[in-house]
1. From the set of residues in the range 1-16 that are assigned to a helix (DSSP H, G or I) and open to solvent by less than 60 Å² (accessible area, probe 1.4 Å), which is modelled with the lowest pLDDT?
2. May I ask you to verify whether residue 67 is of a type in the set (Gly, Ala, Ser), touching a helix residue (DSSP H, G or I) at 6+ places or on another chain (Cβ under 9 Å), surrounded by fewer than 17 Cβ atoms within 10 Å (Cβ to Cβ) and within 24 Å of residue 144 (Cβ to Cβ)?
3. Quick check on this structure: which one of 318, 329, 323 is of a type outside the set (Asp, Glu), at pLDDT below 95 and surrounded by 17 or more Cβ atoms within 10 Å (Cβ to Cβ)?
4. If you scan the range 144-165, which residues turn out to be more than 21 Å from residue 314 (Cβ to Cβ) and at pLDDT 95 or above?
5. Among the helices (runs of 4 or more DSSP H) lying completely within the range 185-295, list those that include at least 3 residues that are more than 21 Å from residue 79 (Cβ to Cβ) and modelled with pLDDT of 90 or more.
6. List the residue pairs whose Cβ atoms are under 6 Å apart, where the first residue sits in the range 278-302 and is closer than 12 Å to residue 151 by Cβ, the second is modelled with pLDDT under 90 and crowded, with 19+ Cβ neighbours inside 10 Å, and the two are 6 or more positions apart or on different chains.
Amino acid sequence: MTVLDLRQRPASEWAPRFTDLLFSENEWLTALDPAAARGATRRLVDSLLNDKGAALIGHTNNGQLDAAAAVGPSHWDSAHFGIEVFRLHAFSLAPDVEEPARLAEAFARDGLVPRLASADMVMARVSMNAVRELNALEAAGFRTMDVQVTWMRRRQEHPSSAPDHSIRTATLADAESLSVLAREAMRKAPTHFHVDHRLAAGRVDALYDRWAANSVNGGAAADHVVVCVLDGEIAGFTTARIAGASSPDPEQYGTIPLVAVSSRFRGRRVGQRLVSAALTWLDGQGLSASCVGTQANNFRAAHLYAELGFRPVHAAASMHRWSDAVGGS
């Protein structure tokens, strides 16, 4: 198979088609608004074009791209875990290609894998609708660690009601408590990091410690954080963030990246109070919808989100590939 290094060609020759192929990475956002899906794809392509460390590859048929991929180093993850970590940003085939299974496997084998030679581990998130791509990546040594389901809820009007005095905005002084809660919650609902036994458990815990701390210290992890205080202690917390373009609707939407509840307060509807408070804040920002993600087998969270008006709109597999030198594929 002939694989093209797209960076060696003028972007004007391939960037529009490359963008079309990568639309599938964000197609689920059409449930919010087609403009949101197009905007997210445009921003993804722009970021890849600006990331000189990312390999951009493609395959053509009759002069037109029918497969495209982007992969490159993840410097933050590499520094945190002490190994060379890459992220597969995109791996997509045109919907009308001939013999798609054969093309996908050949493109992964001859195009993608050679670009992973310096990576100890590669992470990918691939839509469950992309069966051809999933199968090809598995043939290339990727393994599914978990399945993430994205839930979406349209903005709703909030009738006046008595304030919930158990809810308050988090402060920097809460950072240590939030880190402990995040670590506990993620162990009970393991993510793809926890499932992969090659990753040191202590470093995985530290990842969520940093995430929780960065949510309250003014970093990019969150725009708003609320805690629920019961019996004089923090029973749980949730984060809220505005995603999408820097301009207003329809490309902006709300996200709830992290929800953590102490096991000691199960059964007291802490999760419902927290997510409701986050939604009140997000709806108050004028956003047309909000999204939250959880593992497919986290039925407790799924029940909560459905109860609060969310509906599932997308599912994606979190996949890891390890080099032979580190752990084998």
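The values are calculated or read from the model by the stated rules, or taken from the named source; none is laboratory data. Remember, it's a predicted structure, so these values are computed and weren't measured experimentally. With ideal geometry, Cβ positions are generated from the backbone for all residues, glycine too; neighbour counts draw on all protein chains shown. For the accessible areas, the whole protein counts, side chains as well, though only heavy atoms, and no ligand, DNA or RNA atoms are used. Shrake-Rupley method; radii C 1.70, N 1.55, O 1.52, S 1.80 Å.
1. Step one: of the range 1-16, the residues assigned to a helix (DSSP H, G or I) are 6-8, 11-16.
Keeping just the survivors that are open to solvent by less than 60 Å² (accessible area, probe 1.4 Å) gives 6, 11, 14-15.
Working: 6: 95, 11: 90, 14: 93, 15: 93.
Applying the filter and picking the extreme gives 11.
2. Details: of a type in the set (Gly, Ala, Ser): yes; touching a helix residue (DSSP H, G or I) at 6+ places or on another chain (Cβ under 9 Å): yes; surrounded by fewer than 17 Cβ atoms within 10 Å (Cβ to Cβ): no; within 24 Å of residue 144 (Cβ to Cβ): yes.
It is false that residue 67 is of a type in the set (Gly, Ala, Ser), touching a helix residue (DSSP H, G or I) at 6+ places or on another chain (Cβ under 9 Å), surrounded by fewer than 17 Cβ atoms within 10 Å (Cβ to Cβ) and within 24 Å of residue 144 (Cβ to Cβ).
3. Numbers: 318 fails: at pLDDT below 95; 329 fails: surrounded by 17 or more Cβ atoms within 10 Å (Cβ to Cβ).
Answer to the check: 323.
4. Selection gives nothing.
5. Working: elements: 192-195, 201-216, 270-284.
Once the helices (runs of 4 or more DSSP H) in the range 185-295 are filtered for at least 3 residues that are more than 21 Å from residue 79 (Cβ to Cβ) and modelled with pLDDT of 90 or more, what remains is 270-284.
6. Between residues of the range 278-302 that are closer than 12 Å to residue 151 by Cβ and residues that are modelled with pLDDT under 90 and crowded, with 19+ Cβ neighbours inside 10 Å, the close pairs are 289/32.
This table checks each residue for (1) within 21 Å of residue 242 (Cβ to Cβ); (2) assigned to a strand (DSSP E or B).
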residue	(1), (2)
18	no, no
38	yes, no
49	no, no
65	no, yes
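Yes/no per residue for (1) among the charged types (D, E, K, R); (2) open to solvent by less than 70 Å² (accessible area, probe 1.4 Å); (3) over 17 Å from the mean Cα position of the chain (by Cα):
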residue	(1), (2), (3)
172	no, no, yes
175	no, yes, yes
178	no, yes, yes
181	no, yes, yes
194	no, yes, no
198	yes, no, yes
212	no, yes, no
222	no, yes, no
229	no, yes, yes
